[in-house]
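What follows is calculated from the coordinates using simple rules that are stated; it is not laboratory data. Bear in mind the structure is a predicted one, so any value in this text is a computation, not a measurement. Ideal geometry is used to build each Cβ from the backbone, glycine not excepted, and the neighbour counts take in all protein chains shown.
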Amino acid sequence: MQVFKAYFKILRDSIPGLFIYLVIFIAISFFLSGSGKESTATTFTKNKVKIAVINEDEGGLGEGLKSYLSQIHTLVPTENDKEMLQDQLYYRNIEYILFIPKDFTNKIKNNEKEHLCENVKVPASYTGKYLDSQVDQYISTLITYVIAGIDDKQALEYTKSDLEKEVSVQLLNESISISKADDYYYFKYLPYIFISVVVMGISPILMTFYKKEINERNLCSPMTLKTKSIGLVAGSIVTVLGIFVLFLVFAFFLYGKNMEFEKTILYIINCISFLSFATGLGYLVSIFSSNHNILNMITNVCGLGMSFLGGIFVPREVLGEKVIALSKFLPTYWYVNAVEAIQEVKINPSIMKEFQINIGVQLLFAIAMFAIALAGTKYKSDARKQVS
Amino acid sequence: MSAAVIKIENLVKRYHELVALDHFNLEIKEGEIFGLLGPNGSGKTTTINCILALLSFDKGNVEVFGEEMAPNKYHLKQDIGIVFQNVAVFNELTVYENIEYFCGLYIKNKQTRKQYVEEAMEFVGLNDFKSFYPKKLSGGLLRRLNIACGIAHKPKLIIMDEPTVAVDPQSRNKILEGIVELNKKGATIIYTSHYMEEVEQICTRIAIMDKGKNLAIGTKEELKMMIKTGETINMEVLEIEDKNLEEIKKLPHVYQVEYKENKLHIKCSKGKHNLIRVLDYMQTNQIAFGRVYAELPTLNDVFLEITGKELRD
Ligand SMILES: Nc1ncnc2c1ncn2[C@@H]1O[C@H](COP(=O)(O)OP(=O)(O)OP(=O)(O)O)[C@@H](O)[C@H]1O
Ligand SMILES: [Mg+2]
């Protein structure tokens, strides 16, 4: 009880720092969700994606596909220059590039369904999947008519009118997920703040208790090691839960209206998994940093580094393959994955499995942190024993 | 005979090559203020850490309250109060909170605890600094806080490791008075220091240690009896010839004569009329002298004689 009480008295020192982080975070999430909102608002109303279609088809069907897509989306006129296209994609002037090959019409007439077109898209983006499915749908509808012996022009007409009905339905459905709600941004940025705030709320207190004088003084008292550990663990759990509840209340306050029950539960699970990791990190950091400057440095490096590499501040597509491969070794990557999955869970229930994997990996990271921390304490006390 | 509160037998503690405690023996009885006197690095803190089971040692055994001490002897720790040489307080807690925390490790009852904390604050005179943080306290006040944290729970045995380092004489006197008072209230006290005056002033029994060995033990009178020096005669002499110095040295009981900076120091072993004999000699040889005073041996003399070096450099 003494240790538990002392925990929160020592925590008082960190409160101004915690408060600053809170303000920064809210500012960031406001700012970023605000700018995100603008772009989603346009996609939401028109649901248009900027695309380029390079049509080399020698028959007429390719042109049909192109004109169909141009009706739904914004067709950006481009030349077939690979480098230029890459640039356009990078700067998001184009989000999707479709190549219709020379033998497109021929293949359709031969009922070849595989690899009719090629495309380049923003990796792992929703718009990419969205267009893929539109193109696939168009082609499979078209093939049905063409195989049935209907002439090209007629087949294109039929296909178009068939799809128009469906598209309107589809748009309604998918618009839910294509627009990223504000809560998406809020929860996506949380790990950054969680790392900083949790480390700040745990490590300084543990460091105080690890200090040689304080530690020895406690060892001289009738307080058992177990009592002390329980006090510290309980203190950190309550702190982390407090932080969690604070941010959750905040989320409800800001976005409560738009948050459905299922989504909320999944967000909570995801947050708790990440917080477990952050708590483990807090323990680990407290063992290996000897003073508050080092602690702050580690916190910043971990918080910012993991957030950037894990795709929290920067969309993952911009990061390049090598970085993404590397970022798989960071729990933030899996956290963001889970947040993305949560966005789609309504239209794509099978994504739950992916969500679970992401949670699992985060928990593994947490376990690893605690294991290393435990080994670290052992090592540290062994080292002391050797000298003493 | 009162019971032994602490009994150390043949304690050996090594830090790699360095032997910090070398077959160290010590017995401290109930009701004593026991002084552990030794220069820097002599092993005082090491001894205390062994008593508290903070350190493992290579040989020997340590008993506290008649029981072998071990890290898990919490019932023994319950009755021990400790004031470390290095101040052990939480910088993040106020004076009151610090005392409350440490007292609370021993005293579970809230009411009693509150009372004890108040008393401890009163005792060290920190009432006016109740809500100060340690960083805002002067060195002396910080030491007092350190003491309050160690004694608030009214332990039967109080161990103080140089509690007055860097404390001004006034605060120091207050602390020393406090220690005597605690002792009167029934606490057994172990007090380490390398200030012999302090130890002389308050301790009922003293052990002199150096290089991990217990060199002498006894009351201050007993310790002074152990050595050759009965008194040191000091006199201001402007001029004196070497021949005279030699002759003075041959006087009965005189065993050492030193002349430097116009001062003559004559060490005599125990015996009567030493001063008169010296004064006689000076007069018959017509050596002019100024102020004369005789000093009884101090613990420093004891230490000097036993170890051949000064206690303080
Ligand atoms: N952790 C340690 N590792 C190695 N040597 C140590 C360690 N602690 C103490 N020593 C050595 O053991 C010897 C005894 O040290 P100790 O601290 O007991 O002396 P002390 O009498 O308390 O001195 P002081 O008056 O300076 O406090 C010293 O030579 C010291 O250098
Ligand atoms: Mg010492």
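Under the convention that each Lys and Arg Cβ holds +1 and each Asp and Glu Cβ holds -1, the size of the dipole of chain A around its Cα centre is about 2680 debye. Sites counted here are trypsin sites (Lys or Arg not before Pro) in a DSSP loop (not H, G, I, E or B) having no more than 11 other Cβ atoms within 10 Å; the longest part of chain B that contains none of them is B:1-107. Straightening the chain between B:K59 and B:M226 buys 57.2 nm, computed as 0.36 nm per residue apart minus the Cα-Cα spacing. When only Cα pairs below 8 angstrom with a gap of at least 6 residues are kept, chain A shows a relative contact order of 18 percent. Length available on full extension from A:K102 to A:M1: 0.36 nm per residue minus the Cα-Cα distance, which gives 28.6 nm.
For B:N214, the residues whose amide H sits under 5 Å from its own are B:N25, ignoring neighbours fewer than 5 places away on the same chain, with H placed 1.01 Å from N.
Electrostatic bookkeeping for B:V87 treats Lys and Arg as +1 and Asp and Glu as -1; over the other residues with beta carbon under 13 Å from its beta carbon, the sum is +2. Over segment B:229-296, the reciprocal of the mean inverse Cα-Cα separation, the Kirkwood hydrodynamic radius, stands at 11.7 Å.
Using a simple spin-label model with pseudo-atoms 7 Å out from Cα toward Cβ, A:K257 and A:A148 lie 4.6 nm apart. Reachable lysines from A:K9, Cα under 20 Å, same-chain residues fewer than 8 places away excluded? By straight Cα distance, A:K9 reaches A:K211, A:K212, A:K228, B:K108, B:K110, B:K114, B:K130, B:K135, B:K136.
FRET efficiency for A:I294 and B:H23, Cβ-Cβ distance as r, R0 = 35 Å, nearest 0.05? Working from the Cβ atoms, E equals 0.25. Got a sec? Which residues in segment B:102-116 would a label at B:E67 touch, if it sits 7 Å along Cα→Cβ and we count backbone N under 19 Å? Under 19 Å, as judged by backbone N against the label point of B:E67, lie B:105-108 of segment B:102-116.
Name all residues of segment B:158-179 having a backbone nitrogen under 17 Å from the label point set 7 Å from the Cα of B:S138 along its Cα→Cβ direction, giving them as ranges. Flagged as within label range: B:164-176. Straightening the chain between A:F19 and A:I357 buys 118.3 nm, computed as 0.36 nm per residue apart minus the Cα-Cα spacing.
With contacts taken as Cα pairs under 8 Å and at least 6 residues apart, segment B:4-224 reaches a relative contact order of 30 percent. Here the protein assembly as shown is treated with +1 on each Lys and Arg Cβ and -1 on each Asp and Glu Cβ, and its dipole about the Cα centre works out to around 1980 debye.
Put a plus charge on the Cβ of each Lys and Arg, a minus charge on the Cβ of each Asp and Glu, and nothing anywhere else: the dipole of segment B:196-313 about its Cα centre is then about 420 debye. Selection among A:P349, A:S290, B:T188 by position relative to the dipole of the protein assembly as shown gives B:T188 as farthest towards the positive end (Cβ unit charges, Cα centre). Using only C-alpha positions, report the orientation-averaged shadow area of the convex hull of segment B:4-224, nm², one decimal. With every direction weighted equally, the projected area is 11.9 nm².
Label sites at A:Y158 and A:L364, each approximated as a point 7 angstrom past Cα along Cα to Cβ, lie 5.1 nm apart. Between B:E261 and A:E213, the modelled labels are 3.6 nm apart [label points 7 Å from Cα along Cα→Cβ].
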